[in-house]
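The next block holds one structure in the form of structure tokens; read it before the comments.
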Amino acid sequence: MEHNEIALEAQVSRKVMATRLAVGLAQGLLLYWLYAASRDVAWPATAPYLMVPLLTVLLILPVLLVSSLGHLAPRQAATWLLSALAVLLALALHDVWRGANSYPLLSNWDNKPVYSPSMLLVFFSCVFFFIAHALVMAGAQDGKRIASYNTYFEVAWKLAIQLLFSGFFVGALFLVLHMGATLFMLVKLKFLHELLENSWFNVPVICTAFSCAMHVTDVRPSIVRGIRTLLLVLMSWILPVAVVLVTGFLCTLPFTGLTALWETRHATSVLLFTAAVLLVLVNAAFQNGQAIVALPLRVGARMAAILILPTVMVGMYALGLRVVQYGWTSDRVIAASSLLVASSYAIGYLWAAYQYDTWLRPLAMVNIFTSFLVLAVLLALFTPIADPARIGVNSQMARLAKGKIIASKFDFRYLRFEGGRYGQAALEELKRSTGPDAALLQREAAAVQALDNKQRWQAPVLSTAPVSVAANMTVWPAGAQLPASFVAQKWDAMQDDRKPECLTSRNGKCDAFVLVLGGDGKQQVLLVPEQNAGQGRLFAAGADGNWTVVATPRYSDIACKAVMDKLRKGEFNLVDRPYKDLNVGGRRVEFELSATPEEECSKIR
């Protein structure tokens, strides 16, 4: 009897493997078809309401099917996959409707009308369905809507390790294939090398190999469990190091202040990442709540659970400052959503840390509750409920209407390239503007609408109206005036990438020093941009009267605050170089003093 049961299990396993390989192969062939259509700009790549849902579904749904086989009953699997399909279609259709013109998954070659889901949608859909699939699989295993925490732990970590090692398997497979291609190239055989250059081969092989790895890791649960245990133990011993570092950082804030932190402009993302690391490491030590944990790890986990809240609070304060100063944008809405989830973890973990007699047992309840919160937040972000583009566009338009930002400083490009359909509607509204800045708003809205995706990363030119060079300059010494020919010159026509932005853009501001550095008594102009001293340039008029860049000050000198302060006050004089230059075959060899820039700057009083 026992022998027959083993044989039956082996037969079932073979059938499941064959089905999984077939699913992987079908996924690869269909994905190649879509890839080829996008490359050739052919149907269905030119039909957004077909291409985007197809690509989104084919990237995620087959993986859910492969993972479900052998674990969910046919009726359960059908119900779950149909529900997942409905959610994927809703998210993808909304992505098309809102205008997925920022960070598409597939590039638009030559700016042709090829459509694909946004990378944000694909990434967060993977996060959503990883959590949802783990919840469904655990519930099916326990036969309950809400499974036990131990089952959630087992299922979620098994799935994570399966995905990790399946990706590793695909990478290793192609490494071996490329090694074989190189070996055959040694004897002048190019067939394998040419084969690996074809997407019709690579895409199906990737998907089939991934499905094969998912099956192998699924039928070897003891191996996966051993890898998981080793991984969690290693990660848990990183926890004390993380606790010391985060504690040290938080303790320095009362002494250093927060100004330096905000000047980085990415404090919120760093703090969110720090909170996420603490969360992962705490759970690596906690595991399913039943593991035997060494005393240092128990203390470290409890301290880390307490540290998450102040870390998140500093991140919330950082984001709040940016929103007050510059309003909401898509990135800030996503950051705020992440902080909402992080604060749920932080409050729950703080509560659990104070339950001294339970060894953080309440973490199980917090983790389950927050998993459902993450699903709700993601659904809100990628549907009209809390679309980041809608919130961002409304915020920026409200700031403009209330005078919190002047029309000349308004970011029209944000509306065009990150606002989706909401941004396009806002630009149309600006084209119908009335009031004192109506002409500027109408002109800039029309100009930015004419830009294509290729021009997204090009430096913006705020207006087609002439730039007032004199208005962009703060002239030194006080009371001096720029040469009339310098102000009158057509800087837009000057083909020189070294010229500072203050000569061609209303956004650029420079300190302008009128100097006489040569022996001929003629004036030169030293321009030092306020935001980037490294672009300082010395201009002089040539024989034809045109001003050009003739020299560049050493960055370490011009970036020294004390030097700039002295220059503005006029506290300087002209001196000869301490050592003359060499003329070697028409090339000048200069000698610099051996002191470091910091030492030279520190000597200035």
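The values are calculated or read from the model by the stated rules, or taken from the named source; none is laboratory data. Worth saying up front: this structure is predicted, and the values here are computed from it rather than measured. Every residue, glycine as well, gets a Cβ built from its backbone with ideal geometry; the counts of neighbours run over all protein chains shown. Surface accessibility is based on the protein's heavy atoms, side chains included, excluding ligands, DNA and RNA. Shrake-Rupley method; radii C 1.70, N 1.55, O 1.52, S 1.80 Å.
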query: Does Leu230 satisfy the criteria of being part of a helix (DSSP H, G or I) and either within 18 Å of Met313 (Cβ to Cβ) or in contact with an Asp or Glu (Cβ under 9 Å, 6 or more places away or on another chain) (or both)?
result: no
query: Can you name every residue in segment 397-423 that is open to solvent by 50 Å² or more (accessible area, probe 1.4 Å) and in contact with a Phe, Trp or Tyr (Cβ under 8 Å, 6 or more places away or on another chain)?
result: Arg421
field: Residue tally, condition at pLDDT 80 or above and closer than 22 Å to Arg413 by Cβ, over segment 457-490
entry: 1
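Counting just the residues of segment 313-355 that are part of a loop (DSSP other than H, G, I, E, B) and over 21 Å from the mean Cα position of the chain (by Cα), which one comes out surrounded by the fewest Cβ atoms within 10 Å (Cβ to Cβ)? Break it down stepwise before answering.
Start the filter on segment 313-355 by keeping residues that are part of a loop (DSSP other than H, G, I, E, B), which leaves 327-329, 354-355.
Subsequent filtering for residues that are over 21 Å from the mean Cα position of the chain (by Cα) retains 354-355.
Values: Tyr354: 11, Gln355: 13.
If we take residues in segment 313-355 being part of a loop (DSSP other than H, G, I, E, B) and over 21 Å from the mean Cα position of the chain (by Cα), then Tyr354 is surrounded by the fewest Cβ atoms within 10 Å (Cβ to Cβ).
For the structure I just gave you, tell me whether Ala78 is open to solvent by 40 Å² or more (accessible area, probe 1.4 Å), more than 27 Å from the chain's Cα centre (by Cα) and under 22 Å from Ile131 (Cα atoms). Spell out the reasoning first.
Details: open to solvent by 40 Å² or more (accessible area, probe 1.4 Å): yes; more than 27 Å from the chain's Cα centre (by Cα): yes; under 22 Å from Ile131 (Cα atoms): yes.
Here the answer is yes, as Ala78 does meet what is asked.
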task: Identify all residues within segment 219-244 that are loosely packed, with under 12 Cβ neighbours inside 10 Å and among the aliphatic types (A, V, I, L, M); write none if there are none.
output: Leu230, Leu234, Val241
- line: Sole miss for Pro310 among (1) open to solvent by 30 Å² or more (accessible area, probe 1.4 Å); (2) out of contact with any Lys or Arg (no Cβ under 7 Å at 6 or more places or on another chain); (3) modelled with pLDDT under 95 is condition (3)
query: Which of the residues spanning segment 251-273 are touching a residue at least 24 places away in the same chain (Cβ under 8 Å) and either among the small types (Gly, Ala, Ser) or surrounded by 15 or more Cβ atoms within 10 Å (Cβ to Cβ) (or both)?
result: Leu261, Trp262, Ala267, Thr268, Ser269, Leu271, Leu272
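Tell me whether segment 364-376 contains one or more residues that are farther than 21 Å from Ala446 by Cβ, of a type outside the set (A, V, I, L, M) and modelled with pLDDT under 95.
Here is the first cut: in segment 364-376, the residues farther than 21 Å from Ala446 by Cβ are 364-376.
In the following step, the residues that additionally are of a type outside the set (A, V, I, L, M) were identified as 367, 369-372.
Right, trim to modelled with pLDDT under 95 and you get none.
Within segment 364-376, none of the residues are farther than 21 Å from Ala446 by Cβ, of a type outside the set (A, V, I, L, M) and modelled with pLDDT under 95.
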task: Only one of these is in a helix (DSSP H, G or I) and modelled with pLDDT under 95: Trp97, Trp80. Name it.
output: Trp97
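What tally of residues in segment 568-592 results from selecting those that are basic (Lys, Arg), over 41 Å from the mean Cα position of the chain (by Cα) and closer than 19 Å to Val475 by Cα?
Step one: list which residues in segment 568-592 are basic (Lys, Arg), which gives 568-569, 577, 580, 587-588.
With over 41 Å from the mean Cα position of the chain (by Cα) added as a condition, the list becomes 569, 577, 580, 587-588.
Those still in the list that are closer than 19 Å to Val475 by Cα too: 569.
Number of matching residues: 1.
Please enumerate the residues belonging to segment 553-567 that are farther than 18 Å from Leu515 by Cβ and under 36 Å from the mean Cα position of the chain (by Cα).
The initial filter retains those residues of segment 553-567 that are farther than 18 Å from Leu515 by Cβ, namely 555-556, 559, 561-562.
If the condition is that a residue be farther than 18 Å from Leu515 by Cβ and under 36 Å from the mean Cα position of the chain (by Cα), then Tyr555, Ser556, Ala559, Lys561 are the ones that fit.
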Of residues in segment 536-565 being open to solvent by less than 60 Å² (accessible area, probe 1.4 Å), touching a residue at least 40 places away in the same chain (Cβ under 8 Å) and assigned to a loop (DSSP other than H, G, I, E, B), the one nearest to Lys509 (Cα to Cα): Cys560
- prompt: Of these, Leu89, Leu30, which one is in contact with a Leu (Cβ under 6 Å, 6 or more places away or on another chain), at pLDDT 95 or above and within 22 Å of Cys126 (Cα to Cα)?
  reply: Leu30
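Among the residues of segment 83-97, which ones are open to solvent by less than 50 Å² (accessible area, probe 1.4 Å) and either among the acidic types (Asp, Glu) or over 25 Å from the mean Cα position of the chain (by Cα) (or both)?
Restricting attention to segment 83-97, the residues satisfying the condition of being open to solvent by less than 50 Å² (accessible area, probe 1.4 Å) are 84, 87-88, 91-92, 94-96.
Of everything in segment 83-97, those that are open to solvent by less than 50 Å² (accessible area, probe 1.4 Å) and either among the acidic types (Asp, Glu) or over 25 Å from the mean Cα position of the chain (by Cα) (or both) turn out to be Ala84, Asp95.
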- request: Kindly provide the set of residues from segment 20-53 that are assigned to a helix (DSSP H, G or I) and either surrounded by 22 or more Cβ atoms within 10 Å (Cβ to Cβ) or outside the structural domain of Ala84 (by the TED database) (or both), ordered by number.
  value: Arg20, Gly24, Gln27, Gly28, Ser38, Met51, Val52
